[in-house]
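Structure, as C-alpha cells:
The values are calculated or read from the model by the stated rules, or taken from the named source; none is laboratory data. Because the structure is predicted, anything quoted here is derived from the model rather than measured. Positions of Cβ are generated from backbone atoms using ideal geometry, with glycine treated the same way; all protein chains shown enter the neighbour counts. Note: areas computed on protein heavy atoms with side chains; ligands, DNA, RNA excluded. Shrake-Rupley method; radii C 1.70, N 1.55, O 1.52, S 1.80 Å.
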Amino acid sequence: SFKGSNAHEQVLEAGVTITGCTVHFVAVENVCFLFQEDVDAGQIILQEAVPVRRGDTVATLSERVKVAEHKIFPAALQLVASGAVQLREDGKIHWAKEQ
C-alpha cells in the first residue's frame with residue numbers, strides 16, 4: 001500500500017498498525033531480477049507483515065522491517081534457485097507443484 005523511498009514515513013503518517021515488506025520479480029529489458037520493497041511492482045514471491053508500534057519512528061520501524069526483509073529475501077531466493085517459483089515469459093508467476 002505504501003510505496004517509494006519514504007514508505008515508512010507514509011505508514012506512520014497514515015496511522016496504520018500493520019506494514020510489511022515484499023520480495024518480488026521485476027522484469028527489466030528482458031532480464032529478471034529480485035528486488036525488495038523499494039521497487040514497487042512485479043509478481044510477488046513472498047511477503048511478511050510487520051507490526052507498527054505506538055511510539056515508532058521512521059528509524060525504529062525501518063529497523064523492524066529490515067529484520068523481516070533479511071528473513072524473507074533468502075527464502076525467496078531459495079524458491080527461485082530451486083525452481084519452485086518461476087516468472088513465465090508472459091510475466092505471470094508459476095509455482096511448481098510439490099512432489
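In region 1-26, the qualifying residues are those that are surrounded by 14 or more Cβ atoms within 10 Å (Cβ to Cβ) and in a strand (DSSP E or B), and the one that is modelled with the lowest pLDDT is 26. Residues of region 68-86 include at least one that is β-branched (Val, Ile, Thr) and under 27 Å from residue 6 (Cβ atoms). Can you work out which of the residues in region 27-46 that are assigned to a loop (DSSP other than H, G, I, E, B) and at pLDDT 75 or above is least open to solvent (accessible area, probe 1.4 Å)? My answer is 42. If you filter region 47-90 down to residues that are open to solvent by 50 Å² or more (accessible area, probe 1.4 Å) and in contact with a Ser or Thr (Cβ under 7 Å, 6 or more places away or on another chain), you find that the one that is nearest to residue 25 (Cα to Cα) is 47.
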